Amino acid sequence: MPKDGIGASTKRREDLRFLTGNGKYTDDINLRGQAFVHFLRSDVAHGRINGIDTTVAADMPGVLRIFTAADFESAGGLPCGWQVTDKHGQPMQEPKHPILAEGKVRHVGDPIAAVVAETAEQARDAAEAIEVDIEELPAVIDMKAALAEGAPKVHDELTSNLCYDWGFVEENKAAVDEAFDKAAHVVSLELVNNRLVANPMEPRVAVGDYDPWGDQSTLYTTSQNPHVIRLLMGAFVLNIPEHKLRVVAPDVGGGFGSKIYHYAEEAFCTFAARALKRPVKWTCSRSEAFISDAQGRDHRTKMELALDADHNFTAIRTETYANMGAYLSTFAPSIPTWLHGTLMAGNYRTPLIYVNVKAVFTNTVPVDAYRGAGRPEATYQLERIIDKAARDLGVDPIALRRQNFIKPDQYPYQTPVAVVYDTGNYDATMDKLLEITDHAGFAARAAESANRGKLRGFGVASYIEACGIAPSNLVGQLGARAGLYESATIRVNATGSISVYTGSHSHGQGHETTFAQVVADMIGVDASTIEIHHGDTSNSPMGMGTYGSRSLAVGGSAIVRATNKVVDKAKKIAAHLLECAPEDIELKDGKFSVAGTDKSVDWSGVTLAAYVPHNYPLEDLEPGLEETAFYDPSNFTYPAGAYGCEVEIDPETGKVDIVGFAAADDFGNVVNPMIVEGQVHGGLAQGIGQALMENCVFDDSGQLLSGSFMDYAMPRADDFPGFKVDHSCNTPCTHNPLGVKGCGEAGAIGSPPAVVNAVIDALHRAGHTHVSHIDMPLTPSRVWAAMQK
Amino acid sequence: MYDFDFVKPGSIDGAVKALAAEDAIPLAGGQTLLPSMKQRLNAPSVMVSLRGIPELQGVCRDGDVLVVGAATTHARVATEAAAEYPGLAALAGQIGDPAVRAMGTIGGSLANNDPSACYPAGVLGSGATIVTNAREIAADDFFDGMFATALEEGEIITSVRFPIPQKAAYAKFHQPASRFALAAAFVARFAGTVRVAITGASEGGVFRWTEAEAALKESFTPEALSGLTLPAEGMIGDLHGTPDYRAHLAAVMTRRAVAAAG
């Protein structure tokens, strides 16, 4: 194995430029003749636009043009990439999502007009001078109120604010109800999964450019998936064919899901650049991001678990209200359904499951996938209700979990919610967790906390997620309007260095390092001779981008497949050079040799022959050494694990301190352990942030109360202890060539229930046995209030 | 940010003259003013920087009093007041984060009188005197409700004179997002008297908790406060805490401040 091959904790090559301020982000792109756009956004949540007067604004200094909805009559609305069918077999209600508001504004932040000017300040000055006559309408914010008879409608053309009422698996509903009727024990819990703002470090930016001589449009954008943006914007919004449209997502400073979607600002900048024949740039401010980036979570759920007399889980029944916000963001309908209902079996052998989800339009910012996307919501429900069941039944919550775990000899395991788990070992990660948390020493630590007047508690959560999305034929049947394969081109250069073009996109994940390790390992050359390119539709094959912990499992598999093609061809060239049959060629440590002889040619000897084919089998083989492969997975991957949280509560203030947190994950094979550990750390920070701090709140009129970091509590480093992270218990994925499962979202999925379980545990140990649940975030105020009752 | 003129006078007189212009505004550390200008919520015609006036800088002892120049940063007070008035230095060292403490000033904080700011508690709890270009104002007369003070138009704080107590401490509970005070208490024990000031909790801004002062005058111990509560009425209720919670928290912080003062 080369020193930077698979399994090495190679330092991230991209960090040198990131940490020295030399990354090239979209906002660093400034084109000659560039103009700037400022969006005038609605300051009311719901209103009818009776008129927009731009006469004063249009004459202000530097103003080039002011756009309103009327300018986009020839353009389509922003498309939704997933159609969900409701429990009656009917398609969801799918309202138009215009680039600029048409007739009505539907959430605070909805763009009404766009001013393009010579400078950003001039554009902003002029936007303030636009007079908009808005008749404010009653807003619907609460989901249940939005579904009430006679509620104001977010979209007048729809029959109601219900996007869909989904039942999964609808055919099982009667059997599930019957199991509940027969159950020895039924446990129920009402839960809120709090709305979150993604808040990547880099706000969104878009630069549109147009070359009239070649009729070429280019969009530079902060995206996790530039090919998807090219497809959606070109085909559905602006009617620009792919060969006339290039989308570039250069260095991107975090996404967490919020940069998957096709946003109005991207289409606007591309459109305006064509209209004005000048580059047009938009840079989102942090304040603007709070009201224009798609947000995450926001579920309200009634969860029920049925158990038999021996405490075996017999059925699960859930009813969830999922907030869509005012419009359907690109993948919004799929999150509370196919990414949530299919995970409701968790790590357990529950034979009957019925999941009902009502997706609701409200006058709030659109909601879509955010790190974990549906899977954290499923895990939170399951892992909270199992803890409550254990408490109600007077049994150990860990033992109750173990009793119901799917066992290692049961794979492949067909769940009652469509997915088939290929492999896993949940007892192994639980054992490892209890070891690394020093569970045996908890009692002594709790006593020591009590001496200091603090309440200590311990909570666990198991989790499983479906990653490596996704088999295209399966998701197509489920309503996806896209395939979910990944692509790679391996371009071997004449002197042996290798340029890899991947359809995945890196926005902090470290692909430039990890992917190079994979190729280096397969060929046996030094990773420093390999460069990973991504993010530009003009040079990489059609790819679907990065989200859903898919990049290594799907994108990495495409790279493996393309590398195998390269190696196969290189072996043929080597066989010619060494005058033997290709079957006799062995590749090891970057050298081709004839089996059983000392005859060999090194990697660069073969690559040079490919491009300088003087001694080359031209009649049988094309010159050159470049291969492209696409990989479409045959199943999801199923990372799983056990998380443990130890908290200390100050009973006088209600403040929860995380004093210990451990994660025992099964990610299958691991390419770069250091990067995996970092991914888990980041996920934990976001999951613990959701559990204790973060909350996106609108008031009854639809104004965002948590619209800045003064009120939206982003966790800081000192809010966490050091994390203990282990990924030694691994059961390799059985159906992809690397045996990898994905690690990007796990931390955010497994941690919220572990935190809440630990807090409830601490309160019960201290005698506050009336507290069966506290909704996230568990702020000091909420924890204190729960203790007072 | 809208366009404005910027001047940086070298003397108090120069600053006062510059501030006579219509819509002129003084700039101290800018930790509140600049973000509000970036949001276009504040649009001065002239910004008068107070950062170039030597008399407004520094910490010095004058008999029984510690004098802090109005344009002295929190970071400097945290360091330079540590020997003379450790309770005040500790308060300054807890404001914001290192970047805020490197820029923010005591005069700016007091003139702004944010109901969740730290310094108003330290000043009211110490019974300090606010010195301006025109007069001296007792702390008890200075704070005039949320974001309001006794300062007249164009009047600038030049220094703050702190009587040095025998003991003092500040106990602060963070609002989780901003890390301003969700509720915080400053207690100071002087010969024959005790002062207690609460910040972060009340809709009226910083206030003295006189019942606690009376109890602590009898016995400067946390136990002396047991059973004493603040009414929830008039306390701030928001995303981060109910009025009940803030009233409770203010009492907890007061006991902790007394314990910390020793």
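Derivation of every value follows stated rules applied to the coordinates shown; laboratory data play no part. Fair warning: this is a prediction, and the values are worked out from it, not measured in the lab. So basically every Cβ, Gly included, is an ideal-geometry build from the backbone, and we count neighbours across all protein chains shown.
Only bridges whose two residues both fall in segment A:303-399 count here: according to DSSP, what percent of them are antiparallel, nearest 5? Spell out each step's value before the answer.
Numbers: 5 of 15 bridges.
Given both bridge residues lie in segment A:303-399, the antiparallel proportion sits at roughly 35 percent.
Return A:38, A:533, A:770 ranked ascending by Cβ neighbour count within 10 Å, so the fewest neighbours appear first. All intermediate terms of the calculation are to be shown ahead of the outcome.
Working: A:38 24, A:533 14, A:770 10.
In order of increasing Cβ crowding within 10 Å: A:770, A:533, A:38.
Within 10 Å, count the other beta carbons around each residue, average over each peptide in A:667-675, A:679-687, A:572-580, and list them highest first.
Working: A:667-675: 22.4, A:679-687: 24.2, A:572-580: 19.7.
So the peptides A:667-675, A:679-687, A:572-580, ranked by packing, come out A:679-687, A:667-675, A:572-580.
For chain A, count all C-alpha to C-alpha pairs, find those more than 40 Å apart, and express that count as a whole percent of the total.
37
Using a Förster distance of 22 Å, how high is the FRET efficiency between residue B:223 and residue B:191, based on the Cβ-Cβ distance and rounded to 0.05? Intermediate values should be presented prior to the final figure.
On the way: r = 22 Å, r/R0 = 0.99.
The formula returns an efficiency of 0.50 here.
Taking only Cα atoms of segment B:5-49, what ratio of Rg to Rh do you get with Rh as the Kirkwood inverse-distance radius? Don't jump to the answer; show the numbers that get you there.
On the way: Rg = 10.4 Å, Rh = 10.7 Å.
Rounded to two decimals, Rg over Rh is 0.97.
Give the dimensionless ratio obtained when the Cα radius of gyration of segment A:271-374 is divided by 2.2 N^0.38 Å. If you can, show how the numbers build up before the last one.
Numbers: Rg = 19.6 Å, N = 104, 2.2 N^0.38 = 12.8 Å.
Working it through for segment A:271-374, the quotient is 1.52.
Residue by residue through segment A:673-682, which ³J(HN,Hα) values in whole Hz follow from phi under the Karplus form 6.51 cos²θ - 1.76 cosθ + 1.60 (θ = phi - 60°), with glycine and proline marked x?
These are the phi-based 3J(HN,Hα) values: x, 5, 5, 4, 4, x, 4, 5, 4, x Hz.
Suppose each label sits 7 Å from its Cα in the direction of the beta carbon; what would the residue A:674-residue A:15 distance come out to in nanometres?
Spacing of the two 7 Å Cα→Cβ label points: 0.5 nm.
So which of A:96/A:281; A:454/B:172; A:11/A:432 end up more than 23 Å apart, counting from Cα to Cα? Walk me through the numbers before you get to the answer.
On the way: A:96/A:281 25 Å; A:454/B:172 18 Å; A:11/A:432 27 Å.
Those over the limit are A:96/A:281; A:11/A:432.
Which lysines, if any, have their Cα less than 23 Å from the Cα of residue B:8, not counting same-chain residues under 8 positions apart?
B:17, B:38
If you keep only loop residues by DSSP, which chymotrypsin sites (Phe, Trp or Tyr not before Pro) in segment B:112-200 have at most 15 other Cβ atoms within 10 Å of their Cβ? Present the calculation step by step, with values, prior to reporting the outcome.
Values: sites: B:142, B:143, B:147, B:170, B:173, B:180, B:186, B:190; in loops: B:147, B:180.
Within segment B:112-200, the qualifying chymotrypsin sites (Phe, Trp or Tyr not before Pro) (loop, at most 15 other Cβ atoms within 10 Å) are B:147.
Given H placed on each backbone N at 1.01 Å, which residues far from residue A:101 in sequence or on other chains put an amide H within less than 5 Å of it?
A:112
Apply the Karplus curve 6.51 cos²θ - 1.76 cosθ + 1.60, θ = phi - 60°, to the phi angles in segment A:549-566 and return the couplings in whole Hz, x for Gly and Pro.
6, 10, 5, 6, 5, 9, x, x, 5, 5, 5, 4, 5, 5, 5, 4, 4, 4
Tell me, what HN-Hα J-couplings in whole Hz come from the Karplus equation 6.51 cos²θ - 1.76 cosθ + 1.60 at θ = phi - 60° for each residue of segment A:465-470, using x for Gly and Pro?
9, 9, 10, x, 6, 6
Name the residue, out of B:167, B:17, B:217, whose mean-square fluctuation peaks in a Gaussian network model built on chain B with Cα pairs under 10 Å.
B:17
Along the principal axes of its C-alpha atoms, what lengths does segment A:656-739 span, in descending order and rounded to whole Å?
Computed over segment A:656-739, the largest-to-smallest principal extents equal 52, 31, 17 Å.
Once you've got the GNM for chain B with C-alpha springs shorter than 10 Å, pick whichever of B:125, B:69, B:237 has the biggest mean-square fluctuation.
Of B:125, B:69, B:237, the Gaussian network model singles out B:237 as fluctuating most.
If the viscosity is 1.306 mPa s and the temperature 10 °C, what translational diffusion coefficient in µm²/s does Stokes-Einstein give for segment A:463-526 when Rh comes from Kirkwood over Cα pairs? Walk me through the numbers before you get to the answer.
On the way: Rh = 14.3 Å.
It diffuses with D of about 111 µm²/s by this estimate.
Please find the FRET efficiency linking residue A:418 to residue A:178, where r is the Cβ-Cβ separation and R0 is fixed at 25 Å, and quote it to the nearest 0.05.
On the way: r = 21 Å, r/R0 = 0.83.
Calculated value: 0.75.
Counting only helical runs of four or more DSSP H residues, what would the 222 nm mean residue ellipticity of chain B come to if each run contributes -39,500 (n - 2.57) and the total is spread over all its residues? List each step's numbers first, then the result.
Details: 10 runs with 80 residues, N = 262.
Here the helix-only value at 222 nm equals -8000 deg cm²/dmol.
In a solvent-free Debye calculation with one equal scatterer on each Cα, what is log10 I(q)/I(0) for segment B:54-163 at q = 0.13, 0.14, 0.23, 0.24 Å⁻¹, listed in the order of the q values?
For the requested q values the scattering log ratios are -0.40, -0.47, -1.38, -1.51.
How about segment B:1-75: which chymotrypsin sites (Phe, Trp or Tyr not before Pro) there lie in a loop by DSSP and see at most 13 other Cβ atoms within 10 Å? Kindly include the intermediate steps, with their values, before the conclusion.
Numbers: sites: B:2, B:4, B:6; in loops: B:2, B:4.
For chymotrypsin sites (Phe, Trp or Tyr not before Pro) across segment B:1-75 that sit outside H, G, I, E and B with at most 13 neighbouring Cβ atoms in 10 Å, the list reads B:2.
When 1/r is averaged over all different Cα pairs and the result inverted, which Kirkwood radius in Å belongs to segment A:609-674?
On the way: mean 1/r = 0.0541 Å⁻¹.
About 18.5 Å for segment A:609-674.
Could you work out how much longer the chain between residue A:32 and residue A:144 gets when fully extended? Use 0.36 nm per residue separation minus the Cα distance between them, nm to one decimal.
Working: separation 112, 0.36 × 112 = 40.32 nm, distance 5.12 nm.
That works out to 35.2 nm of additional length.
Go ahead and set up a Gaussian network model of chain B, Cα springs under 10 Å, then flag whichever of B:241, B:122, B:200 fluctuates most.
B:241
Kindly state, to the nearest 0.05, the FRET efficiency for residue A:450 paired with residue B:259, given R0 = 22 Å and r defined as their beta-carbon distance. Working shown, then result.
Working: r = 19 Å, r/R0 = 0.86.
About 0.70, to the nearest 0.05.
Tell me what chain A gives for mean residue ellipticity at 222 nm when only DSSP H runs of n ≥ 4 count, each as -39,500 (n - 2.57), the sum divided by the residue total, rounded to 500 deg cm²/dmol. Mind showing how you got there, number by number?
On the way: 19 runs with 208 residues, N = 789.
For chain A, the value works out to -8000 deg cm²/dmol.
Would you mind computing the Rg to Rh ratio of segment B:167-261 from its alpha-carbon coordinates, Kirkwood style for Rh? Provide the component values of the computation, followed by the final result.
Numbers: Rg = 12.5 Å, Rh = 13.0 Å.
Ratio value, two decimals: 0.96.
By a straight-distance test (C-alpha under 20 Å), which lysines pair with residue B:217 as possible cross-link partners, with residues fewer than eight away in the same chain excluded?
Reachable lysines: B:167.
Using 0.36 nm times the number of residues separating residue A:769 and residue A:659, minus their current alpha carbon distance, what extension gain do you get?
Numbers: separation 110, 0.36 × 110 = 39.60 nm, distance 2.23 nm.
Length difference between fully extended and current span is 37.4 nm.
Are any of the pairs A:571/A:741; A:571/A:599; A:259/A:565; A:259/A:724 more than 21 Å apart by Cα-Cα distance, and if so, which? Don't skip to the end; give the middle numbers.
Details: A:571/A:741 30 Å; A:571/A:599 14 Å; A:259/A:565 33 Å; A:259/A:724 30 Å.
Violating the 21 Å limit, Cα to Cα: A:571/A:741; A:259/A:565; A:259/A:724.
Enumerate the whole-percent occupancy of each 10 Å bin, from 0 to the last occupied one, for all C-alpha pair distances of segment A:172-219.
It works out to 16, 18, 14, 14, 14, 14, 9, 1, in whole percents.
Based on other C-beta atoms within 10 Å, arrange A:213, A:82 from fewest to most.
On the way: A:213 5, A:82 21.
So the ranking, lowest neighbour count to highest, is A:213, A:82.
Evaluate peptide B:169-175: per residue, the Cβ atoms of other protein chains within 10 Å of its Cβ; return the mean as an integer. Show your work: numbers first, answer last.
Numbers: counts 0, 0, 0, 0, 5, 3, 5.
That works out to 2 on average.
Would you please calculate the Kirkwood hydrodynamic radius of segment B:104-204 over all C-alpha pairs and express it in Å, rounded to one decimal?
Value: 13.7 Å, from the Cα pair sum.
Mind jotting down the three principal axis lengths of segment A:111-199 based on Cα atoms? Whole angstrom, largest first.
70, 34, 22
Name the residues of segment A:198-223 whose amide N is less than 18 Å from a point 7 angstrom out from the Cα of residue B:97 along the C-beta direction?
Only A:198-203 pass the distance filter.
What net charge is computed for the residues neighbouring residue A:497, neighbours being all others with C-beta under 11 Å from the C-beta of residue A:497, Lys and Arg scored +1, Asp and Glu -1? Walk me through the intermediate numbers first.
Details: positive: A:491; negative: A:526, A:531.
My count for the surroundings of residue A:497 gives -1.
Give the cross-link partners of residue A:572 among the aspartates and glutamates, using a straight C-alpha distance below 19 Å as the criterion and excluding same-chain residues fewer than 8 apart.
In chain and number order, the partners are A:583, A:584, A:586, A:589, A:598, A:602, A:619, A:620, A:622, A:626, A:627.
Where does each of A:740, A:560 land when they are ranked from fewest to most other beta-carbon atoms within 10 angstrom? Mind showing how you got there, number by number?
Details: A:740 30, A:560 20.
Ordered from fewest to most neighbouring Cβ atoms within 10 Å, A:740, A:560 come out as A:560, A:740.
Could you pull out every residue, at least 5 positions away or on a different chain, whose amide H is within less than 5 Å of the one on residue A:84? Hs are placed 1.01 Å off N in the peptide plane, and Pro or chain starts have none.
Those qualifying (amide H under 5 Å, at least 5 residues apart or on another chain) are A:92.
Jot down the per residue volume, in cubic angstrom and as a whole number, of the convex hull over the alpha-carbon atoms of segment A:181-308. Write down the numbers at each step before the final one.
Values: hull volume 18.8 nm³, N = 128.
Considering the Cα atoms of segment A:181-308, their hull volume per residue is 147 Å³.
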